[in-house]
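Read-outs throughout are calculated quantities, based only on the coordinates presented, and are distinct from any laboratory measurement. Just so it is clear, the structure is predicted and the values come from calculations on it, not from any experiment. In this analysis, Cβ positions are derived from the backbone assuming ideal geometry, glycine residues included, and neighbour counts consider all displayed protein chains.
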Amino acid sequence: MNIKKMRLFILTSFVIAMISSCGIQRPGKTNANVTSTPYNDWSVSLLKNLQAGKDVSEIQKKLANISEDELQKGLPLDEQRKAFWINIYNGYIIAILRKDKSLFEDRGAFFTKKQIDIAGHLLSFDDIENGMIRKSRYKYGLGYIEKLFPPAFERHLRVKQRDFRIHFAINCGAKSCPPVRIYEAKTVNEQLQNAAKAYLTAHTTYHATKNSVETSTLMSWFRGDFGGKSGSIEILKEFNLVPDQAHPSLSYGSYDWTLAINNFAN
């Protein structure tokens, strides 16, 4: 392929990715008869042990030693994958930072470092969030740009459909992050709905006299996942945080990056 054709291919791929990102990224139809799997159970045990202050090294070894093929076959449904990867992300944030809180001082390095061993593959927190949970989105693309060539492991284990609600479930270790909940495959959709409502309610203020609404800056950082500003307002209306007939201006609040690694939901 010559340079001109390569540039055309890249441009075409970019446009297609942009088009496919338009609109609110909602979960697909719930799969019937969702069951928990051993891998979901391990991810649940990881968080329960951390919450109880117990050692998790044996669970981490099991997660590292499972084969890629077994993990892929064992997590066929999006509900199973979402619950698994959210728990893994949140669990390893806690496990790693409990051992060395100073790692959070350089957050850029912390989130990009390959330090989570799953099925023999070293992953970063960025790999899990943007690759597995957000279906191969480019980190700095605001939710609009899809990775052109994600690695095979990511393609095999990522979710099949994006879900904007995951942003209210992932805990990055900071005070403004959503609290940690333990997600079960069978109830993950209901749990995500409740988590999104709780977080947005706590971080959204509607000003009727000014016809404006301020909400979490998460909706700005990942705006493509929320369908842009218009989609964000639609979501806020769905959670009864903005009146149905209102057309307010939208702004975003600040984010507190103070370390808070034991923020489990009540």
Residues located in the range 217-239, provided they are among the β-branched types (Val, Ile, Thr) and buried (at least 20 other Cβ atoms within 10 Å of the Cβ): ILE233, ILE235
Residues within the range 119-141 that are of a type outside the set (Lys, Arg) and outside any helix (DSSP H, G or I), tallied: 10
Only listed residue being more than 18 Å from ILE261 (Cα to Cα), among the charged types (D, E, K, R) and either surrounded by 15 or more Cβ atoms within 10 Å (Cβ to Cβ) or in contact with a Lys or Arg (Cβ under 7 Å, 6 or more places away or on another chain) (or both), chosen from LYS114, LYS160, LYS139: LYS139
GLU184 versus (1) over 19 Å from ILE88 (Cα atoms); (2) surrounded by fewer than 21 Cβ atoms within 10 Å (Cβ to Cβ); (3) acidic (Asp, Glu); (4) in contact with a helix residue (DSSP H, G or I) (Cβ under 8 Å, 6 or more places away or on another chain): which is the lone unmet condition? (1)
Filtering the range 60-69 for residues that are within 30 Å of PHE164 (Cβ to Cβ) and more than 22 Å from the chain's Cα centre (by Cα) leaves a count of 1
